[in-house]
Amino acid sequence: MKKLALLPVLLLSLTAHADEREWVPYKKLVEELRFDKFYAIPAAERDKINLFVTIKPNNKSYKPSDVVLTVVQGSERQPLPPLSPDYRLALVPNAKWMTEDTKIMTSLPKGEKSAVSYLATTPLPEGLQWNYTPLMSSVAQMNQAIKKMAGALSMFAPSAKAVIFKFGHPAQLKVGGTVYNTDAGNQIKLKPEAALLKENPLMVASERPIEAQVDE
């Protein structure tokens, strides 16, 4: 499945150490991925979106736990949070680190490369049922965020089109009077429908999804 990307996937050489080597300047990573622009958007205009960066080594033998990233600024060191089991990292810009001399160090061997991309989810309310419009309008909110993040390049940026509900087992999702079943990957992909956005029916899941991803 494709990852939602605002810009082409970056291939960054992870020149890391037998202990640790420099990977990329912190400021460069934040700005090239446009995370500074995302968090500059008023909170009320991005409240339906959780944005992550995924850092996946091309060498599939590396597990998420093998990718250890540390911010170094002068004599100060601060480990970034561990990558999730699917290689994602929540990157909230730290103003203190937005300097030319702040580096991100990596634990991977010299010459290893990783694909760096985006992944967006929308918060799921508690329980097994939710109203359609607040949840599915995350697609429109993501597209507005893409425009603000990409700026003059927005015409070349892909757009979000659907919400993918990910389950741990075969499941069903009822939207109004229509029942959707999971596919072979235990997922249900729904595109927002204008009539349903206006009607705002109840969505009822047979079990709680693992997450709801906003995707192309």
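The values are calculated or read from the model by the stated rules, or taken from the named source; none is laboratory data. Note that the structure is a prediction, hence the values are computed from the model and not measured. Virtual Cβ from ideal backbone geometry, glycine too; neighbours counted across all protein chains shown. SASA here: full protein model, heavy atoms, side chains in, ligands and nucleic acids out. Shrake-Rupley method; radii C 1.70, N 1.55, O 1.52, S 1.80 Å.
Just checking, which of 174, 147 is surrounded by fewer than 17 Cβ atoms within 10 Å (Cβ to Cβ) and not in a helix (DSSP H, G or I)?
None of the others qualify; the one that does is 174.
Return the only residue of 166, 113 being of a type outside the set (S, T, N, Q) and open to solvent by 80 Å² or more (accessible area, probe 1.4 Å). Spell out the reasoning first.
On the way: 166 fails: open to solvent by 80 Å² or more (accessible area, probe 1.4 Å).
None of the others qualify; the one that does is 113.
What's the total number of residues in the stretch 101-133 that are among the polar types (S, T, N, Q) and closer than 18 Å to residue 85 by Cβ?
Summing the residues that are among the polar types (S, T, N, Q) and closer than 18 Å to residue 85 by Cβ in the stretch 101-133 gives 4.
For the stretch 201-208, check the following and say yes or no: at least one residue is more than 16 Å from residue 48 (Cβ to Cβ) and either modelled with pLDDT under 95 or within 19 Å of the chain's Cα centre (by Cα) (or both).
no
Hey, can you tell me all the residues within the stretch 55-92 that are of a type in the set (Val, Ile, Thr) and within 14 Å of residue 105 (Cα to Cα)?
Across the stretch 55-92, the qualifying residues are 55, 67, 68, 70, 71, 72.
Of everything in the stretch 177-188, what is within 17 Å of residue 200 (Cβ to Cβ) and either open to solvent by less than 30 Å² (accessible area, probe 1.4 Å) or not in a loop (DSSP other than H, G, I, E, B) (or both)? Give them in sequence order. Quick ask: steps written out before the conclusion?
Step one: of the stretch 177-188, the residues within 17 Å of residue 200 (Cβ to Cβ) are 177-178.
Listed by number, the list holds a single entry, 178.
With respect to the numbered conditions (1) under 15 Å from residue 30 (Cβ atoms); (2) in the same structural domain as residue 57 (by the TED database); (3) at pLDDT below 95; (4) not β-branched (Val, Ile, Thr), which one is the sole condition not fulfilled by residue 97?
(3)
May I ask you to list pairs of residues, at least six apart or on different chains, whose Cβ atoms are under 6 Å apart, with the first in the stretch 41-69 being closer than 25 Å to residue 147 by Cβ and the second being at pLDDT below 95 and exposed (fewer than 15 other Cβ atoms within 10 Å of the Cβ)?
If the second residue must be at pLDDT below 95 and exposed (fewer than 15 other Cβ atoms within 10 Å of the Cβ), the pairs left are 52/90.
Could you grab me the full set of residues in the stretch 71-98 that are β-branched (Val, Ile, Thr), surrounded by 12 or more Cβ atoms within 10 Å (Cβ to Cβ) and either under 13 Å from the mean Cα position of the chain (by Cα) or farther than 25 Å from residue 43 by Cβ (or both)?
Answer for the stretch 71-98, where residues must be β-branched (Val, Ile, Thr), surrounded by 12 or more Cβ atoms within 10 Å (Cβ to Cβ) and either under 13 Å from the mean Cα position of the chain (by Cα) or farther than 25 Å from residue 43 by Cβ (or both): just 72.
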